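To keep things clear, I will list the structure first and then write my remarks on it.
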Amino acid sequence: MTAAKSLARPRIHEDAERWLDREGGKLCAHGVPLEGIASAVGTPFYAYSAPALRARHAALTAAVGPLGVAVCFAVKACSNIHVLAELARLGCGMDIVSGGEMRRALAAGCPAGRIIFSGVGKTRAEIRAALEVGAHQINVESPAELEMVAEVARELGVQAPVALRVNPDVDAHTHAKITTGRKDSKFGIPSDQIPALYADAPPELRMVGLAVHIGSQILDLEPFRQAWSVLADLVRRLRAAGLRVDRLDLGGGLGIGADGGAGPDLAGYAAIIAQTVGGLDLALNVEPGRWLCARAGVMVTEVLYCKPGEDADVVVVDAAMNDLMRPALYDARHPIRTLHPPRLGTGSRPGRLVGPICESSDDFGVYDDLGQIIRGDLLAFGDAGAYGAAMSSTYNSRDLIPEVLIEEGQFRIIRHRAGIRDLLKLEQGGPWQRAG
Ligand code: LLP
């Protein structure tokens, strides 16, 4: 990770958006009909475009790279090892939040020296594992965690590279459940506590800098300016006190446009980095999850039944909230396209797309631009590459659905379907035991 350089106007290529095309009426990805993948792996499934992922990474690095900003992918957004490997090959670092994510990042070929360990509740074992492999940095979120990291470092006889995560008390203007930088949130350390903690860190800790992350799906760039200005002020204060500050982790959170539209401008994002923290001679990094992979993925589902409803027809699909949780959890709306040419006109009504789960929250929203929908139709939910498969569960004893990766003219399965047989294996009861 290199020190910040002066701002150069980034060249931005966002052709990544256009990887789904209609060929002969069929929705195709890089010449591969999604319908053909559905026949091969069954529905529902996730499909990712490797070229789109690479293009997103290229666009972001073109924007922030000239400032010396390293990109570390937030593994939680899409933790499939093949997706991680694709990014690791491009030189991307990884932001992890658990020992499991660390194992994935390493197994995907990301060197430990490019791994940053974030998160508010790291266990002793996870901290130990990160120090043993030589992770680049541990972002610490409380005085108690700082003590724990020091204790583990002492046991191992190493010095732990630590950044303090600052809570800048900034509202990111995003959904309440993905806002993380306000003072009432559980994340980070209030700025006024930072100087003393940083200065008094025990010798087992190598204090390398500061980190921040104010939330996710952020569309207004101003909160970034506010948060990074808080960091810049802190850097100046710490340095004025004779302390060494080498790195800033600027967090993730850059959003993508609603309903498939354009999101915030990368050049504007980069300019704010340059203006707030660019001149401080620091090694900088960002931790995007969604921005890199959301647009590179779709979830494909089949229509099971349609029935007349109050304001819209009820369209029951075979994907549910366990497969794609975001609409139920954050009222998120994913752009939807039919795999067939839309049957427009002739009295088609809006459709309320719902899944089979026995909860009213298993509802993907009302869509009025899909044309007439009938049983057996296939639909692609867009912007599903982030926090889709990664957040899925087996609620209602449903399958963990397959994931496939698409390259020009071909696809491969990168996660097999895990069904009830696999689940029941985990439930083979153990012997009765006494605790104590
Ligand atoms: N860094 C840290 C410390 C984080 O906690 C997160 C996300 C990121 C980076 C990446 O944020 P991104 O660039 O992806 O916005 N499940 C929610 C999003 C939760 C984000 C949690 N933290 C959703 O589906 O919208």
Completion exercise
Rounded to 0.05, the calculated FRET efficiency for the beta carbons of GLU132 and LYS26 at R₀ = 41 Å is 0.25
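Which value, in Å², gives the accessible area per residue of the stretch 50-293 when a 1.4 Å probe is used on the protein heavy atoms? Mind dumping the intermediate values first?
Working: 8430 Å² over 244 residues.
Using a 1.4 Å probe on heavy atoms only, each residue of the stretch 50-293 averages 35 Å².
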Problem - Debye log10 I(q)/I(0) for the stretch 38-180, one point scatterer per Cα, at q = 0.10, 0.15, 0.20 Å⁻¹ - result: -0.42, -0.87, -1.24
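Stretch THR123-LEU344 to full length: gain in nm at 0.36 nm per residue minus the Cα-Cα span?
On the way: separation 221, 0.36 × 221 = 79.56 nm, distance 5.46 nm.
Result for the pair: 74.1 nm of gain on full extension.
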Exercise for the section: Arrange the residues ILE374, ILE414 by how much accessible surface each exposes, largest first, with a 1.4 angstrom probe. Expected result: ILE374, ILE414
Fill in the blank from the handout: Quick calc: nm separation of the 7 Å Cα→Cβ label points for ARG375 and SER39 -> 2.2
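Give me Rg over Rh for the stretch 181-258, both radii from the alpha carbons and Rh done the Kirkwood way, two decimal places.
On the way: Rg = 13.9 Å, Rh = 13.7 Å.
Looking at the stretch 181-258, the ratio lands at 1.01.
Roughly what % antiparallel, to the nearest 5, for the DSSP beta bridges in the chain? It would help to have the intermediate numbers written out before the result.
On the way: 33 of 70 bridges.
Among the beta bridges of the chain, antiparallel pairing accounts for roughly 45 percent.
Normalised by the number of residues in the chain, what is the relative contact order in percent for Cα pairs under 8 Å and 6+ residues apart? Walk me through the numbers before you get to the answer.
Values: 993 pairs, mean separation 83.7, N = 436.
Averaging sequence separation for qualifying contacts and normalising by length gives 19 percent for the chain.
Averaged per residue, what accessible surface does the stretch 354-436 expose to a 1.4 Å probe, in Å²?
Numbers: 5060 Å² over 83 residues.
Counting only protein heavy atoms, the per-residue value for the stretch 354-436 is 61 Å².
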Problem - Solvent-free Debye scattering, log10 I(q)/I(0), computed from the Cα coordinates of the stretch 50-293 at q = 0.14, 0.16 Å⁻¹ - result: -0.87, -1.17
Problem - Highest-fluctuation residue, SER361, SER216, SER39 considered, GNM on the chain with Cα pairs under 10 Å - result: SER39
Exercise for the section: Only loop residues by DSSP count here, and only those with at most 14 other Cβ atoms within 10 Å; note down the trypsin sites (Lys or Arg not before Pro) in the stretch 162-198 that meet that. Expected result: LYS183, LYS186
Problem - FRET efficiency for GLU147 and ALA176, using Cβ-Cβ distance with R0 set to 30 Å, rounded to 0.05 - result: 0.45
Practice task
Give me the percent of DSSP beta bridges within the stretch 50-293 that run antiparallel, rounded to the nearest 5.
Solution key: 5
Handout entry: GluC sites (Glu not before Pro) within the stretch 374-422, DSSP loop, no more than 11 other Cβ atoms inside 10 Å
Key = GLU408
Problem - Loop-located trypsin sites (Lys or Arg not before Pro) in the stretch 396-436, at most 13 other Cβ atoms within 10 Å (DSSP) - result: ARG434
Problem - Distance between modelled label sites at SER229 and SER185, nm, 7 Å Cα→Cβ extension - result: 1.8
Exercise for the section: Would you compute the Debye intensity of the chain from its alpha-carbon atoms alone, equal scatterers and no solvent, and pass along log10 I(q)/I(0) at q = 0.06, 0.08, 0.10 Å⁻¹ to two decimals? Expected result: -0.27, -0.48, -0.74
Handout entry: Separation in nanometres of the label points that stand 7 Å from Cα toward Cβ, at LEU243 and LEU219
Key = 3.8
Fill in the blank from the handout: Restricting to Cα pairs under 8 Å and 6 or more apart, the percent relative contact order of the stretch 50-293 works out to 20
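How large a share of the accessible area of the chain, in percent, is made up of carbon and sulfur atoms when the probe is 1.4 Å and the other protein chains stay in place? Let's see the in-between values first.
Numbers: 9480 of 18590 Å².
Solvent-exposed carbon and sulfur of the chain make up 51 percent of the total.
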Problem - Net charge dipole size for the chain [Lys, Arg +1 and Asp, Glu -1 on Cβ; Debye, nearest 20] - result: 840
Completion exercise
Taking a label point 7 Å from the Cα of LEU90 along Cα-to-Cβ, the residues of the stretch 286-304 whose backbone nitrogen sits under 13 Å from it are 288-297
Fill in the blank from the handout: Here the averaged projected area of the stretch 240-397, based on the convex hull of its alpha-carbon atoms and given in nm², is 13.0
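The values are calculated or read from the model by the stated rules, or taken from the named source; none is laboratory data. Note that the structure is predicted; figures quoted are calculated from it, not measured. With ideal geometry, Cβ positions are generated from the backbone for all residues, glycine too; neighbour counts draw on all protein chains shown. The accessibility values were calculated without ligands, DNA or RNA, using every heavy atom of the protein model including side chains. Shrake-Rupley method; radii C 1.70, N 1.55, O 1.52, S 1.80 Å.
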